[in-house]
Amino acid sequence: MDASVYVGDGVLEVQQVEVPSPGPGDVLVEVGQCGICGTDVHLVLERIARPGTVLGHEWAGTIAAVGDEVRDWEVGDRVVCGPTPGCGTCRACRSGRPSVCLDRPLTDHLDFRGAYARYVVAPADQLLAIPDRLSIREAALVEPTAVALHAVTLSGVSTDDRVLVTGAGPVGLLVTAVLHAQGVHDVTVSEPSPIRRAHASKVGAARVVEPHELPRSRMGAPVDEPFSIVFECSGRADAAEAAIDQLDFAGTCVLVGTGHELPRINHNRVIVLENTIIGSYNYDAGGFAPALALLASGAMPLDVLAEPVDVSLDELPEALRRCAAGELPGKVMVRPFRSEERAR
Ligand SMILES: [Zn+2]
Ligand SMILES: [Zn+2]
């Protein structure tokens, strides 16, 4: 089968590789679409990926073969694959947060057999059926939607909160869309790129601003128009600092974007304003099921959230570059074929 293989030095090559064979409890899935994640962009362009690996984890597809012991799934079923379940007994699992289970295997992004390929293998007991009203392409939004939904859940947001989202990349857009779908309408998005600001308005932001419009904090007091909840989705140190500066008394900042440069936090102000700063990394206790239901509910602007045209395997390097440059505001979907056969 064709796959986009990382060969080192920031280079991806379309190569012929063996179709993986499913174990007894696995299924072989023909990938419909696989979204480009910020992680993929970092792994390739920053040359972190291990040569020989195939990236891509935001996939949805159709079962092409089932392992000997698989009873509940058949060839032709449309599926996504949810996260590994927690152990059920550790401190995190007992408090309803299995996605940070203390016993979970560490995700090794370097040793990866992903879905920038025609087929991928998945454990049958982690599959979820794609609801009828969602296309496979739409269902490929489930992983980043689950990430956004988790951030919103952890924030404890309610409909009378005044919310700021910093960064309107794919995660910031999904957080904005999830908030809108949940009836949270006082949402401001801060983003330097005009194309992404325009996109933020389309997915539910009531107001968009440029980062320089956010005021600097005052000592011991909120800014003039503070926010009760802020989602930091850019991963930039300056954006995280500005995000925390906008918090009201008893405000909460949810950190969702990761980055190399570290923000400086004015702990005195956090203390005096009794702010809460929390991290959001994985998914809600229900895994992907709530995100899949939300996508199928009709409340999410699916056509805006994903870029309209699929990218083929040979177009993937250029697409990664354009994602890094912020030229593609929606989630970019890869269809794992070469350009010349994509039309089939
Ligand atoms: Zn991802
Ligand atoms: Zn656990």
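Using a probe of 1.4 angstrom, how much of the accessible area of the chain is carbon and sulfur, in percent?
51
7 Å from Cα along Cα→Cβ at both V270 and M219: what's the point-to-point distance in nm?
2.0
For region 74-80, take each phi angle, set θ = phi - 60°, evaluate the Karplus expression 6.51 cos²θ - 1.76 cosθ + 1.60, and give the result in whole Hz per residue in order, putting x for glycine and proline.
3J(HN,Hα) across region 74-80, in whole Hz: 10, 4, x, 5, 8, 9, 10.
Given a Förster distance of 35 Å, report the FRET efficiency between Q15 and R71 from their Cβ-Cβ distance, rounded to the nearest 0.05.
0.50
Considering only protein heavy atoms, what per residue accessible area in square angstrom results for region 296-337 with a 1.4 angstrom probe?
37
Can you compute 3J(HN,Hα) from phi for each residue in region 275-288, using the Karplus curve 6.51 cos²θ - 1.76 cosθ + 1.60 with θ = phi - 60°, rounded to whole Hz and x for Gly and Pro?
My calculation for region 275-288 gives 7, 10, 10, 10, x, 10, 10, 10, 10, 5, 4, x, x, 7 Hz in order.
Would you please give the residues with an amide H less than 5 Å from that of V311, counting only those at least 5 places away or on a separate chain, with H modeled from the backbone geometry?
M333, V334, R335
Tell me which residues come under 5 Å, amide H to amide H, from V165 once H is placed; ignore anything under 5 positions away on its chain.
HN-HN under 5 Å from V165: T188, V189, S190, F231.
Would you mind computing Rg(Cα) / (2.2 N^0.38 Å) for the chain, counting N as its residues?
Normalised Cα radius of gyration, the chain: 1.01.
Which cross-chain or sequence-distant (5 or more) residues have an amide H under 5 Å from the amide H of T252, H modelled 1.01 Å from N in plane?
Counting only residues 5 or more places away or on other chains, the set is I229, V230, T276.
Once phi is turned into θ = phi - 60°, what whole-Hz ³J(HN,Hα) does the Karplus curve with 6.51, -1.76 and 1.60 give for every residue of region 122-127, x standing for Gly and Pro?
In residue order, the calculated couplings are 9, x, 4, 6, 10, 7 Hz.
With a 1.4 Å probe and all protein chains left in place, how much accessible area per residue does region 35-179 have, in Å²?
In whole numbers, region 35-179 has 44 Å² accessible per residue.
The values are calculated or read from the model by the stated rules, or taken from the named source; none is laboratory data. What you are looking at is a predicted structure, and each value in this text was computed from that prediction instead of being measured. Cβ: placed from backbone, ideal geometry, glycine included. Neighbour counts: every protein chain shown. Please note that ligands, DNA and RNA were not included when accessible areas were found on the heavy atoms of the full protein model with its side chains. Shrake-Rupley method; radii C 1.70, N 1.55, O 1.52, S 1.80 Å.
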